[in-house]
Amino acid sequence: ALATGTIEFDGDVNLSVGRSLVLDAARTTGTGDVNLAAPYIAIGNTDTAYQQTPTPVSADSGTFQVSGNFVELLGHSTIDDFDAVKLNSDGDLRLRGVLLTGQQTITGGLNTSADLTLRADQVYGSTLSDFTLAVQGDPDRVLRVESTGGTRATVLSAGSHLTLRAPTIEQAGVLRAP
């Protein structure tokens, strides 16, 4: 049974679109290998009334991979049931929190029980966002930040706060919290 705010991929999926792809849900889950490509890709939960992060279940098998020119993580969300999550941007990977109704802090986060790889020119939080990237569950899991080696544009953002949580963190890219 699916929970409200869940996107589930059933089996292997290869999807490439010409403009943008937005997965707006609190949880993304599935089986098999999922490969998504678009110039702009956004993943996360934009609901300003409900932003509780679902707890990831144990990792399964398969890979969830996105590839775009600009990738953005939105609000609080979970990607689970995969062995690996790979977020690849040929440009920037932006982490954008959401301001909940009645709150004063812009927050967001991505939780997963899989190995998590962020590959981009640079990874940064949007203005005033407090964003957490968390890999949890298995003590052998890794959060990797990798660089494309491309030219980094000026980040037009200020006052962000980034938190990385994982049993092992491998930093070989550019992380910014302007």
Mean separation of Cα contacts under 8 Å, 6 or more apart, over the residue count of the chain: relative contact order %:
16 percent
Over the heavy atoms of residue 105, what accessible area does a 1.4 Å probe trace out, to the nearest 10 Å²?
80 Å²
Would you look at the GNM of the chain, springs on alpha carbons closer than 10 Å, and say which of 116, 74, 21 moves the most?
21
In range of the label at residue 20: residues from segment 85-103 whose backbone nitrogen is under 16 Å from the point 7 Å along Cα→Cβ
92-97
Would you grab the residues whose amide H sits under 5 Å from the one on residue 176? Only those 5+ places off in sequence or on another chain, please, with H modelled 1.01 Å from N.
123, 124, 125
At a 1.4 Å probe radius, carbon and sulfur cover how many percent of the accessible area of segment 106-174?
48 percent
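How large is the charge dipole for the chain, taken about the Cα centre, if only the Cβ atoms of Lys, Arg (+1) and Asp, Glu (-1) carry charge, to the nearest 20 debye? Each step should come with its number before you reach the end.
Values: 11 positive and 20 negative charges, 141 e Å.
Here the size comes out at about 680 debye.
Once you wrap a convex hull around the alpha carbon atoms of segment 60-178, what is its projected area averaged over all directions, in nm²? Don't skip to the end; give the middle numbers.
Working: hull surface 28.7 nm².
For segment 60-178, averaging the hull's shadow over all directions gives 7.2 nm².
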Which one, 79, 35, 22, projects farthest toward the positive side of the charge dipole computed for the chain from Cβ point charges (K/R +1, D/E -1)?
22
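Measuring with a 1.4 Å probe in the full set of protein chains, what accessible area per residue, in whole Å², belongs to the chain? Write out the running numbers ahead of the final one.
Numbers: 8240 Å² over 178 residues.
The answer is 46 Å² per residue.
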Which residue, 122, 104, 65, tops the fluctuation ranking in a GNM of the chain built on C-alpha contacts under 10 Å?
104
Antiparallel DSSP beta bridges within the chain, percent to nearest 5:
5 percent
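The values are calculated or read from the model by the stated rules, or taken from the named source; none is laboratory data. As the structure is a prediction and not an experimental result, all values here were calculated from the model. Every residue, glycine among them, receives a Cβ derived from its backbone with ideal geometry; neighbour counts consider all protein chains shown. For the accessible areas, the whole protein counts, side chains as well, though only heavy atoms, and no ligand, DNA or RNA atoms are used. Shrake-Rupley method; radii C 1.70, N 1.55, O 1.52, S 1.80 Å.
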